[in-house]
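Contents: one structure, followed by commentary.
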Amino acid sequence: MRPLVDLLALTTCALAVSASGCRRAAERAAADEGMARIGAATLNMGCEPTRDPTCAPTELPAHAIQVGAFRLDRAEVTQAAYAACVGAGVCTPPAAEPARRSPQTPVTHVTWSQARAYCRWRGQRLPTEAEWELAARGTDGRVYPWGDTPPTCQTAHTPSCGEAPAEAGGRPAGASPFGVLDLAGNVDEWVEDEYAPYGSADAGSGQRVARGGAYDAWHARSTARSALAPDHRDALLGFRCAASP
């Protein structure tokens, strides 16, 4: 029996009008197969000092927010996946890529706009900040995707675990409640939102939010957030895509 992703690709390709359309349909089917489905929920977004005494001011106050159902990539977008979009003439190349990295490591050195363009090429989008945090924490207020214990090299790839970043999705022990991988460690990840302090009506900073910190246990906490210029790019900043159910 063919895997489901193959059947989806074949069915869609049967309707495609060109070989390039067929290839793109297969790539989209494969991407859909690699997504976790997350149901609508109430998220207590932000850091709770009674559970996590290391809260930063940017993570406060914790506040309840309704999040609709969505789908999210189980792993970060890889160099190989992004290269397909570049090859299709839609995405622009990353600013730099170390020559010795595996094509299965997360694509990095991309701006917020480049990340957004890739997700749109897949017929999807960047996740919202609330979606990202729900996928990482679930609804039980955990500090990390796997619970409250600090990272080990089995749960998150941090610099103490070797050269960063590592191949995407290689630490199943660090999966979130929904089976999403690398939401702590490996690389930071662009999300859709413009940065604003919680509880503020002002979202005019011009900066965009990155989540998921690769640098240390503090940044790997599921409530940690960074405000970056949308044209920022670096060797430990990537992304993953989301979609409506």
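Quick note: the coordinates plus some simple rules give every number you see, no bench work behind them. Here the structure is a predicted model, which is why all the values come from computation and not from measurement. Virtual Cβ from ideal backbone geometry, glycine too; neighbours counted across all protein chains shown.
If the chain between Glu33 and Ala88 were fully stretched, how many nm would it gain, using 0.36 nm times the residue separation less the Cα-Cα distance?
Residue separation times 0.36 nm, minus the Cα-Cα distance, leaves 17.7 nm.
If you bin every alpha carbon distance in region 32-152 into 5 Å steps from zero, what whole percent lands in each bin?
2, 10, 17, 17, 15, 16, 12, 8, 2, 0
What distance in nm lies between label points placed 7 Å from Cα along the C-beta direction at Asp231 and His63?
For the pair Asp231/His63, the computed spacing is 3.1 nm.
Along Cα→Cβ, 7 Å out, is where each label goes; now give me the distance between the ones at Ala96 and Thr50 in nm to one decimal.
4.7
Kirkwood Rh, Cα Rg: Rg to Rh for region 171-213? Numbers along the way, then the final one.
Details: Rg = 13.5 Å, Rh = 12.1 Å.
That ratio equals 1.12.
Quickly work out the Thr42-to-Asp148 label distance, labels modelled 7 Å from Cα along the C-beta direction, and quote it in nm with one decimal.
For the pair Asp148/Thr42, the computed spacing is 2.2 nm.
Does region 116-216 come out rounded, prolate or oblate, given a ≥ b ≥ c as the square roots of the eigenvalues of its C-alpha gyration tensor, rounded meaning a/c under 1.5 and, failing that, prolate meaning a/b above b/c?
Prolate, because a/c is 1.5 or more and a/b exceeds b/c.
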